[in-house]
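*Asks:* Before we start, here is the structure in question, set down as structure tokens.
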Amino acid sequence: MIWRFFKRADQGEHPSPYFITFRMHTGAGRMEAATQADLTRLLGDLRLAGASDITIVDVSGRLVAFDPGGAEPDK
């Protein structure tokens, strides 16, 4: 399966290499991460916030990871 995301990049800018989609009790969202470190931080924050169905794809649209989430965070 190929996911397609469209981002308008200004001249000289490049689209982020990672796209993250997720679900929360209040709705769904989409984020972008520019680096692996940003991706790790965002994923941790989403897990702590109780997000579910966290999907990460690269700029080519290939699935990088899927986390069903929704579990209680480790204490």
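*Asks:* Which ordering of D58, D67 is given by a fewest-first count of other beta-carbon atoms within 10 Å? Don't jump to the answer; show the numbers that get you there.
*Replies:* Values: D58 13, D67 17.
Fewest-to-most Cβ neighbours within 10 Å comes out as D58, D67.
*Asks:* Please report the relative contact order for segment 18-69, taking Cα pairs under 8 Å with a sequence separation of at least 6, and give it as a percent rounded to a whole number.
*Replies:* Across segment 18-69, relative contact order equals 38 percent.
*Asks:* Below 12 angstrom from the Cβ of R23, what's the summed charge of the other residues (Lys, Arg +1; Asp, Glu -1)?
*Replies:* Value of the local net charge: -1.
*Asks:* Let me ask something else about it. Less than 13 Å Cβ to Cβ from D67, Lys/Arg counted +1 and Asp/Glu -1: what total charge do the surrounding residues give?
*Replies:* So the surrounding residues net to 0.
*Asks:* Another question about this same structure. Which ³J(HN,Hα) values, rounded to whole Hz and listed in residue order, are derived for segment 24-29 from phi using the Karplus coefficients 6.51, -1.76 and 1.60 in 6.51 cos²θ - 1.76 cosθ + 1.60 with θ = phi - 60°, glycine and proline given as x?
*Replies:* Calculated HN-Hα couplings, in order: 9, 4, 8, x, 10, x Hz.
Every read-out reported here was derived from the displayed coordinates using simple, explicitly stated rules and does not represent laboratory data. Only a predicted model underlies this, so the values are computations on that prediction, with no experimental measurement involved. Here the Cβ is made from the backbone with ideal geometry for all residues, glycine too, and neighbour counts use every protein chain on show.
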